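Here, each number is a calculation from the coordinates, and none is a lab measurement. Since the structure is predicted, the reported quantities are computational estimates derived from the model, not experimental observations. Using ideal geometry, Cβ is built from the backbone for each residue, glycine included, and neighbour counts are taken over all protein chains shown.
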Amino acid sequence: MAKITIKNLNKFYDNGFHAVKDVSFEALDKEFMVLVGPSGCGKTTVLRLIAGLEEISSGEIWIGDKLVNNVHPKDRNIAMVFQNYALYPHMTVYDNMAFALKLRKEDKATIQKKVAHAAELLGIESMMKRRPAQLSGGQRQRVALGRAIVRNPQVFLFDEPLSNLDAKLRVQMRSEIVKLHRHLENTMIYVTHDQVEAMTMADRIVVMKDGVIHQIDTPLDIYNNPANMFVAGFIGSPAINLLDGRLEARDSQLCFVTEGVSIALTKTQEETLKSYKDKAIVFGIRPEDIYDARFDSMADAPQQIMALCDIVEPLGNEYHLQLKAGKDDLTARFDPKELPRAGEQLAISVDMAKAHFFDPETQLSLV
Amino acid sequence: MKEKIRLGIIYALLAIFGLFMIVPFVWMVSTSLMTQSEFNKQEAVFIPKEEYHVWNTDGGQRRILVVQTEADSSVIHVLNKDLKIEQEYIKVPTKQIEKIVKKPSLHWDNYKKAFNKVPFAIYFKNTLFVSFASLIGVMITSFLAAYAFARMEFKGKQLIFLMFLSMMMVPAPIYLISSYMLLDKFNWLDTYQALIVPWCVNIFTIFMFRQHFRSLPKELFDAAMIDGASTFGILWRIVLPLSKPIIATASVFTLISSWNSFMWPLVMTNRPELRVLQVGLSYFNQEASTQTTLLMAASTFSILPILILFFLAQKQIIASTAKTGMKD
């Protein structure tokens, strides 16, 4: 019905800034696609280009089977939800939601029916006569959603819709939007800088940085198989540990070596990384793949790393540890049963099967 | 305590300055209510009063004029009801004479006299017409221009806007002559157009509106555009309703300045039937130069409408002047 195809999209601003660089991707019909990246990565620009709020410099945007490059925003059959809600302050909730339908000159009874339906879906029936200023942030965001829903667009565009809400409400609205998507079955493109939102909501994630797409994949694939160091570092919290070191042969085994760390590769890794022997390489390990050697030894003693426990951050259900192994900093995520104290020496082991290796030059993933 | 003293000092200073500001105004109003003879006494009074003498006789009180007073007897004229002299030079005992001071004694008829002395009705009508016609013009042009400057992208936008602003720095007398020549070419001298059309654009209002429009979130415009509103629709349905306070303020400013405009109408028009209030007032000044009380009465009713307007819009003006320049 309404898949979105973006082909070689480019956006230059008047001052010469190249905000979007040759971006291509496809959001399938009914797919919930999340564009994620640090601020200034061009994700919002891509969204505004899809909406038609900004002119594209080159490339093609297809909505369904229609090339919309030169189509006015109102004729693209889209609805957009903005970060600051963008409700019309002088109109009631009802009028806000009915505005687009009134402009389309639909008859009053139809408008009423559509608005009532959307209001019921979002649980805001009781506020139809209020003005936006009389609503809380969460209620305003619902009204903004309602305004999008009543138009029954082919495509929903979300521009960081939850970032103005407090943390608790954000979690709640997150699941509501997912439910809404399941109910409405529209294609949705959702922009956020919050990797947790991306992971929890998306069918597929597009990771962007500096106007370039770094990876497009399902959340778990992105988490488990990051395409490069940026994606590895951006997705996941606490962030992946990235250590600069070398691959050296020790005792007929290929090892990753830094000043404080020396650790043998698995057989498959050895096979793939043969060519990096005696060369610089970046080793990546997620905090949850580091274990306290006393309880969960993944390896024999020689494979263990001695580290100084620098800071302990208790979260209740888990502990985050800042460790120092030689000159290298490591973050580890431990279960609450393991209680090292700050200042203690600690033997840790890592699950090498989960380790990642990156080329320090190209930053691309090697394993 | 310290805070109280500080506030006390501030309020005292403000009160003193406020007093300085208001004294001439009070003086104008009080003079407008005096008789000319009372004004001529040059006493510093703010509440007009009337002083006269009466002669208490057995048959009642008679209004008199005192000619000469001595310790035990005085010479007086006795006045009739219309204050005309009835009996001249009568000698009466001084103790029967009493000085009466009536306070306040307000001569509202000064206003009627002043209003009828020259055709103020026509001046008022002209001023109202010119002020409101140019107000409508200013609102339309400012709204459109400010929208373009605030929300549209076009080549040379900044430059044009700067040129607009720099025009604000040119003192009016500098372009008075060239304007006169231009209006002459149009054959507009001595017409209402001359008074209205050149004042249908006001750079300060454009600036004020632009600042306000820029303070409206950009997403509001985006949302309206996606909702299907045209550019004009956005202006009409979104921007206009959100601009009511700034429109009120700008209207007051525009009305005040066109109500008070003097030099322009004086130079550009000649016919008496085109005279606006300020020009009429200056003619009145020449004609009634000796009648200070009438002058003050005319001045008072000339500024009254603008004063009322200012009081009505006071809150808006203070709020928006406090905001101008802070945004953006």
(message) Just to be sure I understand: with springs between alpha-carbon atoms less than 10 Å apart, which residue in A:Asn84, A:Asn241, A:Asn15 has the highest mean-square fluctuation in the Gaussian network model of chain A?
(response) A:Asn15
(request) With N denoting the number of residues in segment B:1-69, provide Rg(C-alpha) divided by 2.2 N^0.38 Å, to two decimal places. (result) 1.95
(message) Using Cα-Cα distances under 8 Å and only pairs 6 or more residues apart, what relative contact order does chain A have, in percent?
(response) 15 percent
(message) Give the aspartates and glutamates reachable from B:Lys91 as a straight Cα distance under 19 Å; neighbours fewer than 8 places away on the same chain don't count.
(response) B:Asp58, B:Glu70, B:Asp72
(message) Rounding to the nearest 10 and keeping the result within 0 to 90°, find how far the Cα-based axis of helix A:137-150 lies from the longest principal axis of chain A.
(response) 60 degrees
(request) Alpha carbons only, please: Rg and Dmax for chain B, in angstrom. (result) 28.9, 98
(request) Just tell me which lysines come within less than 17 Å, Cα to Cα, of A:Lys277; anything on the same chain fewer than 8 places away is out. (result) A:Lys267
(request) Determine the shielding of peptide A:84-96 by partner chains: average, over its residues, the number of Cβ atoms on other chains within 10 angstrom of each Cβ. (result) 4
(message) Taking 19 Å as the cut-off for C-alpha to C-alpha distance, list the pairs among A:Lys209/A:Lys354; A:Lys209/B:Lys155; A:Lys7/A:Lys43; B:Lys41/B:Lys99 that go past it.
(response) A:Lys209/A:Lys354; A:Lys209/B:Lys155
(request) List the lysines whose Cα lies under 18 Å from the Cα of B:Lys117, skipping any in the same chain that are fewer than 8 positions away. (result) B:Lys125
(message) Below 8 Å between Cα atoms, with a sequence gap of 6+, how large is the relative contact order for chain B in percent?
(response) 22 percent
(request) For B:Leu128 paired with B:Val26, estimate the spin-label separation in nm (one decimal), with each label point 7 Å from Cα along the Cα-to-Cβ line. (result) 3.2 nm
(request) Using only alpha carbon pairs under 8 Å that are at least six residues apart, calculate the relative contact order of segment A:306-348 and give it in whole percent. (result) 46 percent
(request) Have a look at A:Phe12, A:Phe82, A:Phe234 and tell me which one the Gaussian network model of chain A (Cα, springs below 10 Å) gives the largest fluctuation. (result) A:Phe12
(request) As a check on your grasp of the helix formula, calculate [θ] at 222 nm for chain A: sum -39500 (n - 2.57) over DSSP H runs of n ≥ 4, divide by the residue count, round to the nearest 500. (result) -7500 deg cm²/dmol
(request) Pop out the Kirkwood hydrodynamic radius of the protein assembly as shown from its pairwise C-alpha distances, inverse of mean 1/r, in Å to one decimal. (result) 33.6 Å
(message) Suppose only helical runs count, i.e. DSSP H with n ≥ 4. What mean residue ellipticity at 222 nm does that imply for chain B under -39500 (n - 2.57) per run, divided by all residues and rounded to the nearest 500 deg cm²/dmol?
(response) -19500 deg cm²/dmol
(message) Quick check on my link table: of B:Lys81/B:Lys112; A:Lys21/B:Lys218; A:Lys30/B:Lys244; A:Lys279/A:Lys324, which ones sit more than 31 Å apart, alpha carbon to alpha carbon?
(response) A:Lys30/B:Lys244
(request) Scan chain B and hand back the longest stretch that contains none of the trypsin sites (Lys or Arg not before Pro) lying in DSSP loops with at most 13 other Cβ atoms within 10 Å. (result) B:156-326
(message) Counting C-alpha atoms alone, how compact is segment A:314-367: give Rg to one decimal and Dmax as a whole number, in angstrom.
(response) 14.2, 40
(message) I'd like the distance separating the alpha-carbon centroids of segment B:4-22 and segment B:103-140, in whole Å.
(response) 34 Å
(request) Calculate the mean, over all residues of peptide A:77-83, of how many other protein chain Cβ atoms lie within 10 angstrom of the residue's Cβ. (result) 3
(message) Compute a Gaussian network model of chain B, connecting alpha carbons closer than 10 Å, and tell me which residue from B:Glu86, B:Glu43, B:Glu153 fluctuates the most.
(response) B:Glu86
(request) Kyte-Doolittle cut-off 1.6, length cut-off 27 Å along the helix's own axis using Cα: show which whole DSSP H helices in chain B pass. (result) B:292-312
(message) Along the charge dipole of segment B:50-102, pointing to its positive end and built from +1/-1 on Cβ of Lys, Arg, Asp and Glu, which listed residue (B:His77, B:Ile90, B:Tyr52) has its Cα farthest out?
(response) B:Tyr52
